[in-house]
Amino acid sequence: MVKTIDARPGAASSDASAGFDRGWVALAVLTVIVGAGMRFVNLERKPFWVDEVIHTHYAFGISEREIADRVKEWRGRPISPEEFLVIQRLNPERGPADVIAKLAAEEPQSPPTHYLMLHYWVQLFGDTIGTRRALSAVLSLLALPCLFWLCLELFRSTAPAWIAVSLAAVSPYFLLFAQETRYYSLWSVVVFLSTALLLRAAHRGRWLDWVAYAAAVALGFYIHPFTGPLAVGHGVYLFAVNGGHLGQPTLRFSLAVAASCALFLPWGQFYFTGTYQVSDWRETTIPLWNLVKAWGTTVSIAFADLNYPRGWLDNYVIGPLVALITGSCLTATFLRAPRKVWLLVAMLIVVIWAPLIVVDLVSGGIRSTVSRYLVPTYLGILVATGYALAAGLTSTPPRRRAWRWLVAGTWVLLIGLGVTSGLRITSAETWWIKANNVDNPAISRLINASPAPLVVAQLSSDAGRSNISLAYDLDPHVRLFMTDDPTSVPGLPGGYRDVLVYNPAEAMLDHLRVGHGLTLEPLYRGTRTLWRVERP
């Protein structure tokens, strides 16, 4: 039986941390150091995929329309990868006003905070794939002390805080986004920080704490739209903890959120009235059993991720084991933790995930399997795991030493799974998170192996973004031959050893075969394809 950690405000921490000696603290600190180091390993190794491409050109004040116009200038003229990637370079003539204007016009659902941070970060540290991703790695580190503080506010004990932070440090979920040029590491900081500030403000009741909470929520609005549902969840939690009474904490919370919404109005006018460019792949319907299995995978990557395709080790050993541990920790939390603890865990897990699940079940889709939306869910899992393992280590009577070592072994096992996953992630040349561009390494090797290749490709919409992604991996001797219309490819220039066609649509294949009289044979088939023009 797991005893309760006293999570009342002001409760003494000595009892709760009894048995959590310096050895366990040393293990946690060592784990955090390892996790911090892994965030900066091989930052340039994996493909700079389409979502990072989109994020970068907006951060540099370049719109999709400008890119489409630029490719028309290249039509019918072979260009080098470096010349092509000028649309991904920081232009000193483009400033923060351009970043805001381009996002407001084309991507109002993406608030500008992280884009502006990336803009200035590249100005300070230079423009490489490594420096772009390093911003997320640094921000991911800032989330760890925020999580530690959150646990201190909730538990008044360092034991669950150390355990939760150690697991977050080596969590493959947070590592993956720490190596992406996107805003999810920054949003993690705000999710952790705003929740900690909510607990602090509710405990102390000072206006200054509520002002800090309002500022954190407002910052979250300027990072990710799902900060709104999180703030609603915070309110529901506060209302429930206070027994359903509309007392002073609820009133001050309402005023804080109202202030946050008012601060968001300058961008909100674009968000609520703008034109959105939203991909429809989230509406893909899959069988219910596959959806349920995907939910299990979504949870398991909090602690273990050995990449796809998932083999027997993942499906029959690691997956069920992680599910058993996670389920046991959640059960212990809901059955044994103080009301304020299990209510917070429940709120964090369901506040965003549950509505997405309902929408998928009712109308079809895979929104609930998109892990990047679920930062609060992973926070709830970490808090529950930290609580349950700390309770097992610190509250178990000495005579039940075997149980205590079982709990300690579980913690060490989760650390080991995280470190193993991290080593695989950082050493791999691609990973599932790169989605549309997992084939870049294989395709670029085929192209670069030719002494004089000409790559024919279409630059428009998603196909164009993948061309930009691939260009990062091409050698200087490669030449690109771009078109903005798959049914109107200009005459191909001569003098090239190999003419290759990258990921053509059926319309482009038909045009090349019929309009140009070419014979094409597949050279590579995967998520993306590569074709070779056969010489007569």
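The values are calculated or read from the model by the stated rules, or taken from the named source; none is laboratory data. Note that this is a predicted model, so its numbers are computed, not measured. Neighbour counts are summed over all protein chains in view; Cβ atoms, including those assigned to glycine, are modelled from backbone coordinates with ideal geometry.
Across segment 251-271, the qualifying residues are those that are surrounded by 17 or more Cβ atoms within 10 Å (Cβ to Cβ) and of a type in the set (Ser, Thr, Tyr), and the one among them that is modelled with the lowest pLDDT is TYR271. Of the helices (runs of 4 or more DSSP H) lying entirely inside segment 416-514, the ones with 1 or more residues being within 20 Å of VAL53 (Cα to Cα) and modelled with pLDDT of 95 or more are found at 440-449, 461-471. Among the residues of segment 135-163, those that are closer than 30 Å to SER469 by Cβ and either surrounded by fewer than 20 Cβ atoms within 10 Å (Cβ to Cβ) or without any contact (Cβ under 8 Å) to a residue 24 or more places away in the chain (or both) comprise VAL138, LEU141, LEU142. Scanning segment 221-269 for residues that are under 20 Å from ILE352 (Cα atoms) and outside any helix (DSSP H, G or I) returns TYR222, ILE223, HIS224, PRO225, PHE226.
Each residue in segment 103-134 was checked for being buried (at least 20 other Cβ atoms within 10 Å of the Cβ), of a type in the set (D, E, K, R) and at pLDDT below 95, and 1 of them qualify.
Matching residues to (1) aromatic (Phe, Trp, Tyr); (2) buried (at least 23 other Cβ atoms within 10 Å of the Cβ); (3) in contact with a Leu (Cβ under 8 Å, 6 or more places away or on another chain); (4) assigned by TED's automatic domain parsing to the domain that holds LEU344:
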| residue | (1), (2), (3), (4) |
| --- | --- |
| GLN179 | no, yes, yes, yes |
| SER194 | no, yes, yes, yes |
| LEU197 | no, yes, no, yes |
| ARG200 | no, no, no, yes |
| ARG204 | no, no, no, yes |
| LEU208 | no, no, no, yes |
| VAL211 | no, no, no, yes |
| HIS224 | no, yes, no, yes |
| ASN242 | no, no, no, yes |
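Of the residues making up segment 54-70, those that are touching a Gly at 6+ places or on another chain (Cβ under 9 Å) and crowded, with 20+ Cβ neighbours inside 10 Å number 1. Within segment 449-459, the set of residues being closer than 11 Å to ASP498 by Cα and of a type outside the set (A, V, I, L, M) comprises SER450, PRO451, PRO453.
Condition check ((1) surrounded by fewer than 17 Cβ atoms within 10 Å (Cβ to Cβ); (2) assigned by TED's automatic domain parsing to the domain that holds ASP21; (3) not in a loop (DSSP other than H, G, I, E, B)) across all residues:
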residue: TRP295; (1), (2), (3): yes, yes, yes
residue: VAL299; (1), (2), (3): no, yes, yes
residue: ALA304; (1), (2), (3): no, yes, no
residue: ALA323; (1), (2), (3): yes, yes, yes
residue: LEU343; (1), (2), (3): no, yes, yes
residue: ASP360; (1), (2), (3): no, yes, yes
residue: SER368; (1), (2), (3): no, yes, yes
residue: TYR378; (1), (2), (3): no, yes, yes
residue: ALA388; (1), (2), (3): no, yes, yes
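A quick yes/no check of all residues on (1) in contact with a helix residue (DSSP H, G or I) (Cβ under 7 Å, 6 or more places away or on another chain); (2) in the same structural domain as ASP498 (by TED's automatic domain parsing):
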| residue | (1), (2) |
| --- | --- |
| ALA36 | yes, no |
| ARG39 | yes, no |
| ALA59 | yes, yes |
| ASP69 | no, yes |
| LYS72 | no, yes |
| PRO78 | no, yes |
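Considering only segment 340-391, state which residues are of a type in the set (Phe, Trp, Tyr) and touching a Cys at 6+ places or on another chain (Cβ under 9 Å).
Hit for segment 340-391 is TYR387, nothing else.
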